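Comments concern the structure below.
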Amino acid sequence: MPVKSKNIQEIDSAHKAGQVVRKVLDVLGRMVAPGVTTRQLDMEAARICVACGAECLFNGVPGSGETIPFPGNICASIDEEIVHGIPGDRMLREGEIISVDFGARLNGWCGDAARTFLVGNVDEEKARLVKVTRQSLDMAIALIQPGIGWSRIAGTMSEYIRGEGFSVVEEFVGHGIGEKMHESPKLPNFISPALKSRDIELYPGMILAIEPMVNMGGKEVRIQDDGWTAVTIDGKPSAHWEHTVAVTEDGAKVLTA
């Protein structure tokens, strides 16, 4: 199904929402340190968001089945946690990595982004995992232009990640975004059979949330008993980077940068 193209004014509105997200992640990145709890990060994210006149996107998102609605403002995922980690009293420890995912709605438009932060001194392989994940996102953004098929972007990302000895999470993918947090299309970070059979051609006015999740070990995922937190089955670390990006006549405009 074709994705509704956003006009210049609508992209500007999404950009303003994206700047709230950027501001929150900038501040939380400076807060990350051993001894800080994920609840402290969560409370600060909510404070900044409200002060900007926006609302936090994730709080209260319905769970599947009997799972409770998401109880946090951020997703705080540490080490082997891939995504959807629930903030709480857990304190960050030296040598960990934490992926913080945050979304905001401002005047009816959404922004969504994630970054993985190093907690103090991190070993070389963890630091490389974070760097490769971020670079795969940068590669995707650099390739965006009208007329390109998403398969070329997904293929470039996955080939680079696997070439570095890491695996691409296939359970979770990027997505369109706009007046709703999740819109069409779904954007895998790898070439799937569905993508092969029906590629997604990019065109001006699309707004996309691009979010590679990369595991140090295997790609396999399981969901913990809280119904939300996704972790690697082998217990090895995972990293997550995301930007909200508009496709323009000239290429990509990153709305959360």
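The values are calculated or read from the model by the stated rules, or taken from the named source; none is laboratory data. Note that the structure is predicted; figures quoted are calculated from it, not measured. All Cβ positions, glycine included, derive from the backbone under ideal geometry; neighbour counts span all protein chains shown.
A few comments on the model shown:
- Meets criteria (over 30 Å from Lys253 (Cα atoms) and at pLDDT below 95) for Gly65: yes
- Boolean, Ser238 is surrounded by 22 or more Cβ atoms within 10 Å (Cβ to Cβ) and among the small types (Gly, Ala, Ser): yes
- Options Arg162, Arg128; residue that is part of a helix (DSSP H, G or I), touching a residue at least 24 places away in the same chain (Cβ under 8 Å) and charged (D, E, K, R): Arg128
- Options Asp234, Asp226: the member that is more than 24 Å from Gly60 (Cα to Cα), among the acidic types (Asp, Glu) and outside any strand (DSSP E or B): Asp234
- Hits in the range 49-71 - residues which are closer than 18 Å to His182 by Cα and either assigned to a strand (DSSP E or B) or of a type outside the set (Ser, Thr, Tyr) (or both): Ala54, Glu55, Cys56, Leu57, Phe58, Asn59, Gly60, Val61, Pro62, Gly63, Pro69, Phe70
- Consider the range 105-129 and keep the residues that are under 30 Å from Val61 (Cα atoms) and touching a Pro at 6+ places or on another chain (Cβ under 9 Å). The one that is surrounded by the most Cβ atoms within 10 Å (Cβ to Cβ) is Leu129.
- The residue of the range 3-19 that is surrounded by the most Cβ atoms within 10 Å (Cβ to Cβ), among those that are farther than 17 Å from Glu242 by Cα and in contact with a Gly (Cβ under 6 Å, 6 or more places away or on another chain), is Lys6.
- Selection within the range 20-44: residues that are outside any loop (DSSP other than H, G, I, E, B) and touching a Gly at 6+ places or on another chain (Cβ under 9 Å). The member of this set that is surrounded by the fewest Cβ atoms within 10 Å (Cβ to Cβ) is Thr37.
- Entry remark, the range 130-169: residues being exposed (fewer than 15 other Cβ atoms within 10 Å of the Cβ) and in contact with an Asp or Glu (Cβ under 7 Å, 6 or more places away or on another chain) number 2 in total.
- Top-ranked residue in the range 125-172 [being among the aliphatic types (A, V, I, L, M) and farther than 20 Å from Met206 by Cβ; ranked as farthest from the chain's Cα centre (by Cα)]: Ala127
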